[in-house]
Each structure stands twice: as structure tokens, then as C-alpha cells.
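Right, one structure below, let's go through it.
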Amino acid sequence: MEIGGTSLDPEVREGLRRSWKPLMIAGVAAIVLGCIAILVPAVAAVGTAIFIGWLLLFVGIVMVAGAFSAHSVGTLALRLIWAILTVVVGLWLIVEPHSGTLTLTLVLGFYFLFMGLTRTAIAFVARGEPNAGLLGLSGIAGLLIGILVLAKFPSSADWAIGLLVGIDLIFAGWTLTSVALLGRDLSRSP
């Protein structure tokens, strides 16, 4: 079967045939969770901080174990410091998620601001090239989001992360349901 001018690998086609129902369930769940995150962004923001905290805690523990493979005392010390800092930040986000959302929101605001500036500058330099306008539009959107988040800080911590996580979940759910529909169509074809 061809999609967008390219044919699917037989293994991929078979995998989509077999897994379209779980993909559809995951996609619908992501869309529902995304809508909830948009409707209750403060809860989603705290949940995101806790989730990131657990990720950092796990990664930090793995980094501590990996630090002992260092070949010199200096490298061991640097790796242990980095690993312990990762564990501490993870624990802090788990124990104090509201404070963590403040920090994450501040970082997010600066990220969008600098990403927007960079994309706008690149689009300006590349004006006349294909897709430079879209890149510039993306940069302006990033600038506006960064300015909005930073101008409303710290109150933006109550909505910014939850809103963006919600939007991302909806897009992910949309993608998953689209792939699931393709798998459903493949399962119906001979």
C-alpha cells in the first residue's frame, strides 16, 4: 500500500493491522487528557513537575551508578556531583511541585523567547527561500508565547505548562488516531 507516494514496509503494514485498536485507545486517551489539561492547567502543571521529578530521580540514580565507571578520580567526582544534583532536583520537584512549576515556567518562558528570536532572525536572513515565511511565523508565535509567559510570571505558572502540555497531548492524540485509522484501513484491505 502506498501512502504519500511511498510504500509501507510489509512489517510496518502488519504491525499497523495488529495494533490499530490500542493506538486508537491511546490516541483518544491523549486527546481527552489534553482537553483536561487545558481545562485544569494548574493540575496538569503540577502533574508535569512531579513527572519530570520522577524522571530526574531515576536518571540521577542511573548516573550515580554509571559514575563509578570513570577512569580517574576527577571524572568520578564530576560525574557524582552531576548525578547527585540531578537526584536533588528530581526530589525537589517531587516534594515541592508548585515551586517546581514556577522554575519550569520561567525556563519555558525564556526558551520560547530565545527560540522565537532565533527562528525570526533565521527567517529574516533566509527571506525569499522556501518556507522562510513559515519559519518567521513560527518565530513570531514563539516570541509572543515567551513574552506572554514572562510578562505574567509568576501567575503564568498556573496555566502555561498545563496549557502547553494539553496542546501537545491533543496533537499526539491526533497523530495516534490518524495512524490507528490507517491501521484499521489496512486491516480491512486484502
Picking from 161, 145, 170, the residue that is without any contact (Cβ under 8 Å) to a residue 60 or more places away in the chain and not small (Gly, Ala, Ser) would be 145
Log entry, pairs with first residue in region 98-112 being touching a residue at least 24 places away in the same chain (Cβ under 8 Å) and more than 18 Å from residue 43 (Cβ to Cβ), second being of a type outside the set (Ser, Thr, Tyr) and buried (at least 22 other Cβ atoms within 10 Å of the Cβ), beta carbons closer than 7 Å, six or more apart or on different chains, reads 109/149; 112/149
The residue that is nearest to the chain's Cα centre (by Cα), considering only those in region 136-186 that are of a type in the set (S, T, N, Q) and within 13 Å of residue 28 (Cα to Cα), is 175
Matching residues in region 122-139 (in a helix (DSSP H, G or I) and surrounded by 13 or more Cβ atoms within 10 Å (Cβ to Cβ)) number 9
Residue pairs within 6 Å by beta carbon, gap of at least six or interchain, first lying in region 24-47 and more than 14 Å from residue 164 (Cβ to Cβ), second of a type in the set (A, V, I, L, M, F, W, C), listed first then second, are 24/180; 26/176; 27/176; 27/180; 30/169; 30/172; 31/170
Q) Does at least one position in region 164-176 carry a residue that is in contact with a helix residue (DSSP H, G or I) (Cβ under 8 Å, 6 or more places away or on another chain), surrounded by 15 or more Cβ atoms within 10 Å (Cβ to Cβ), over 21 Å from residue 39 (Cα atoms) and at pLDDT 90 or above? A) yes
Residue set 28, 46; condition loosely packed, with under 15 Cβ neighbours inside 10 Å and in contact with a Ser or Thr (Cβ under 8 Å, 6 or more places away or on another chain); output residue 28
Restricting attention to region 151-174, does a residue exist that is out of contact with any strand residue (DSSP E or B) (no Cβ under 6 Å at 6 or more places or on another chain), more than 30 Å from residue 23 (Cβ to Cβ) and β-branched (Val, Ile, Thr)? no
Residue 151 fails exactly one of (1) modelled with pLDDT under 90; (2) exposed (fewer than 13 other Cβ atoms within 10 Å of the Cβ); (3) among the small types (Gly, Ala, Ser), namely (1)
Is there a residue in region 5-16 that is in contact (Cβ under 8 Å) with a residue 12 or more places away in the chain, crowded, with 16+ Cβ neighbours inside 10 Å and closer than 30 Å to residue 92 by Cβ?
no
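The values are calculated or read from the model by the stated rules, or taken from the named source; none is laboratory data. As the structure is a computational prediction, the values presented were derived from the model and not from experiment. We place every Cβ from the backbone using ideal geometry, glycine too, and count neighbours over all the protein chains shown.
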